[in-house]
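Shown next, in structure tokens, is the structure this report addresses.
All of the numbers you see were taken from the coordinates with simple rules; none came from a lab. Because the structure is predicted, anything quoted here is derived from the model rather than measured. Here the Cβ is made from the backbone with ideal geometry for all residues, glycine too, and neighbour counts use every protein chain on show.
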Amino acid sequence: MSIAREQFGSRIGFILAAAGSAVGIGNLVGFPVAAAKNGGAAFLLIYALFVFLICLPVMVAELSMGRRAQQDPLGAYRKLSNGSPLWSIAGWLVLITPYLIGVFYMVITVWLFGYLVEAASGNLTQLAKPDNFGQFINANNVFAYFLVVAVMVNLILVGGVKDGIERAAKIMMPALFVMLLALVIFVLTLDDALVGVKYYLVPDFSKIDAGVVNGALSQAFFSLSLGMGIMITYGSYIGRDEKIAGSAKIVALTDTGVAFAAGLMILPAIFSFNPAIDTDTLSDSSVSLIFTFLPKIFLALQTTIGYVAASVAASMFFLLVFFAALTSLVSITEVPTASLVRKGYSRKKALTLLSATMGLLTVACILSFGRVESLSAFVSYAGQSKSLFDVIIDVSYDTILPLNGLLICLFVIFRWRKQNLNAELELGDPDYKGSMMERYVNLSLSSFIPLVLLLIFINTVALKYFGVTLVG
Ligand code: TRP
């Protein structure tokens, strides 16, 4: 009755697309800063443990759900629960998430693109001025940058799974790896770079407390694109002859590898700029690091390598982060696109509809940094006034994301059931049957993973909306 669902053309194509989704600002900047503040390699170790022990089983579960159902998240929840209205709610929650996360990530990607254009035009001195960022986000150029980025995302997505998403990932991901490697090598040649390397690689476990552990897990969960419906959707494009568990391991490894390498780029750069820096004084926010602190470091390079070379280094950095963000944005926009396609829309129509609605919300966010008072002071809770942009992050990233993860574990184990999960994972992978991995996935998904996600959910809700600190 229906035409065959589109599929990735190759295993490596899927792996690069999924890694493209997973690798983003969180890996390239968020992780290095968190590591700098929280004990270097001690943080790395905890992060890697979480990626493999907690996030990987969830990723495997999402991919299997998608491949079994051959549908987007809402369709998958409905189909695998035989149309249960209760589980449809979980499907809707998954659908709201990419919508909101897509909007906030778009805003940051637009800024990245703007900084890339400025750095490549030789305006490094301007970028490094302390009040530049505040002016930049409220300048009208932002709308032009937004238009360009939106067109790029749409051009990739309109090509479909194989000729759009996969092809883009096959170009951008290798380029990203090369640029990252080049920047790491370059940074390591700077004076005092080794102070940073040492700081990064010598673990300091005294910095690890409950808050750090909670942060590491949230970051790993977010970074791997979990709870957003992306892995369910991408799973629906994997052939039945592919090994899901094996591919998921490579994606997790790539994500962690990029985060590790990014540490070797960012930390030595910071210490080369100021060998005596107290890392506690670094901002927690990736945004302030990327747009305020790093441009200062790039500009300072002009005394040793000259203005042009410093601008080239800055441009390469912004291009690197921009590519990482763009592939994530593509993956998240594919989720609602797939839902609309299931409803009978053509890809083009679906993308037009999404561009219009998500575009409107993005513009509202762009206006919420002081331009429009009602959007800038949108609501206030837990004693803080929040802009629309802040609210979107709180609701999507901090609240719905862990809840979605929890619901996926419960759904897969108690509604869809273990035997069906195992049967799906054994397709194309006969060795999976009876393997350690199989036993671990079954055990973890039915016990401590949902428990941990529940605790994170309760903890962040208490903190974000009631101002109560339970852990951290
Ligand atoms: N990889 C992103 C990061 O590390 C997080 C992320 C995963 C993401 N999937 C995404 C962001 C989809 C936006 C859209 O920053």
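Round to a whole angstrom and tell me the spacing of the C-alpha centers of the stretch 403-471 and the stretch 343-396. The two parts, judged by their Cα centres, are 30 Å apart. In this structure, the amide hydrogen of LYS386, modeled 1.01 Å from its nitrogen in the peptide plane, lies closer than 5 angstrom to those of PHE378, VAL379, SER380, TYR381, counting only residues at least 5 positions away or on a different chain.
Taking 22 Å as the limit for the C-alpha separation, the pairs LYS243/LYS433; LYS162/LYS349; LYS129/LYS386; LYS170/LYS349; LYS243/LYS348 exceed it in the case of LYS129/LYS386; LYS170/LYS349; LYS243/LYS348.
In plain terms, the chain from VAL379 to ALA144 could stretch by 81.8 nm, reckoned as 0.36 nm per residue minus the Cα-Cα distance. Dividing the mean sequence gap of close Cα pairs (under 8 Å, 6+ apart) by how many residues the chain holds gives a relative contact order of 32 percent.
Sorting 271-277, 465-471, 391-397, 427-433 by average packing, meaning the other beta carbons within 10 Å per residue, from highest down gives 391-397, 271-277, 427-433, 465-471. With a simple spin-label model that places each label point 7 Å from the Cα along the Cα-to-Cβ direction, the separation between LYS349 and ARG11 comes to 3.8 nm. Projected label points at LEU360 and ILE89, each 7 Å from Cα along the beta carbon direction, are separated by 2.7 nanometres. With a Förster radius of 30 Å applied to the beta-carbon distance between ASP241 and VAL151, the computed FRET efficiency rounds to 0.25. Listed by chain and number, the aspartates and glutamates placed with their C-alpha closer than 20 angstrom to that of LYS198 are ASP278, ASP280; residues fewer than eight positions away on the same chain are left out. Were the residues from ASN82 through GLN126 laid out at 0.36 nm apart, the gain over their Cα-Cα distance would be 10.0 nm. Computed packing ranks the peptides 79-88, 246-255, 51-60 as 51-60, 246-255, 79-88, most packed first, by mean other Cβ atoms within 10 Å. Over the residues of the chain, the helix contribution to mean residue ellipticity at 222 nm works out to -21500 deg cm²/dmol, using -39500 (n - 2.57) for each DSSP H run of at least 4. Listed by chain and number, the aspartates and glutamates whose alpha-carbon sits under 20 Å from that of LYS464, ignoring those within fewer than 8 places in the same chain, are ASP209, ASP284, ASP390, ASP394, ASP398.
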